[in-house]
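This report concerns only the one structure given below.
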Amino acid sequence: NAGVTQTPKFQVLKTGQSMTLQCAQDMNHEYMSWYRQDPGMGLRLIHYSVGAGITDQGEVPNGYNVSRSTTEDFPLRLLSAAPSQTSVYFCASSSGQGHPLDLEGYTFGSGTRLTVV
Amino acid sequence: LAKTTQPISMDSYEGQEVNITCSHNNIATNDYITWYQQFPSQGPRFIIQGYKTKVTNEVASLFIPADRKSSTLSLPRVSLSDTAVYYCLVGPPGILTGGGNKLTFGTGTQLKVEL
């Protein structure tokens, strides 16, 4: 059981380039989300999805696009990379049952460290 | 999510018990308390969740007083490998367990364990 898999682990982009950060989970989780983590700022939600075909914006969505064509995959696209998007990106998933006895919480991937120069 | 306050950092030594307290004065009746652990260069990992009194699992214990305005994460006999950031989150199950809403993290408590 791989959990949440993120690729690539490291990436360097030039300003203006585009790229896609991949996220896949094999737990049949309905809920998936993307966060970015900057030094001293905790994790901030970029986009999230409550199921295939449904996405919504989080706290810091500008400059990013997402799609959810399957339950397993939730790619994050950077349209035109900017230095301000240098960060560590985490993908997370959960069963989305919303039940207090669902004690698994969120499962996070190991992250993608992105540098935009 | 309810606003939470936790220490920015804590230091400890191997073998000691560490207690990290989180204040959440405006906790709502249907809110639960959840703790996550994040090691360097890794994503956060769910540790424990509770509603009232005491919850214990193989990793930690969570103590919640009757008024629920605070909670304490207790790590027994810490080791160097427990050095991590610990996040306290308070909210309804729909948010804490991914029922379609937004889970946000603060900056957490940086625990440093030394020999």
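Bear in mind that the values in this text are calculations on the coordinates, not laboratory data. Computed from a predicted model, the values in this text were never measured in an experiment. FYI the Cβ positions are ideal-geometry reconstructions off the backbone, even for glycines, and counts take in every protein chain you see.
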Lys pairs, chain B - Cα-Cα below 15 angstrom, 8 or more residues apart or on other chains: 4
Peptide A:105-114: average number of partner chain Cβ atoms within 10 Å per residue? 5
Honestly chain B on the Cα gyration tensor test (a ≥ b ≥ c root eigenvalues; a/c under 1.5 rounded, otherwise a/b vs b/c for prolate or oblate) is just prolate
Inter-part distance where the stretch B:10-32 and the stretch A:1-72 are each reduced to a Cα centre, Å: 29
With +1 on each Lys and Arg Cβ and -1 on each Asp and Glu Cβ, and nothing else charged, work out how big the dipole of the protein assembly as shown is about its Cα centre, in Debye to the nearest 20. 460
Here, GluC sites (Glu not before Pro) of the stretch B:1-101 satisfying both criteria (DSSP loop; at most 11 other Cβ within 10 Å) are B:GLU17, B:GLU58
Trypsin sites (Lys or Arg not before Pro), loop per DSSP, at most 15 other Cβ atoms within 10 Å - longest free stretch of chain A: A:15-117
Obtain the nm distance between the two label points defined at A:ARG113 and A:ASP56 by a simple spin-label model: each point lies 7 Å from its Cα along the Cα-to-C-beta direction. 3.4
Over all residues in A:36-43, what is the mean tally of Cβ atoms on other chains that come within 10 Å of each residue's Cβ? 4
Size of charge dipole - chain B - debye, nearest 20, with Cβ of Lys, Arg +1 and Asp, Glu -1, no other charges: 400
Take every residue in peptide B:36-44, count the Cβ atoms of other chains within 10 Å of its Cβ, and give the average of those counts. 5
If amide H atoms are modeled at 1.01 Å from N in the peptide plane, then the residues at a separation of 5 or more from B:GLN42, or on another chain, having amide H under 5 Å from its own are none
Residues of the stretch A:65-87 with amide N under 13 Å of a point placed 7 Å along Cα→Cβ from A:MET19: A:76-83, A:85-87
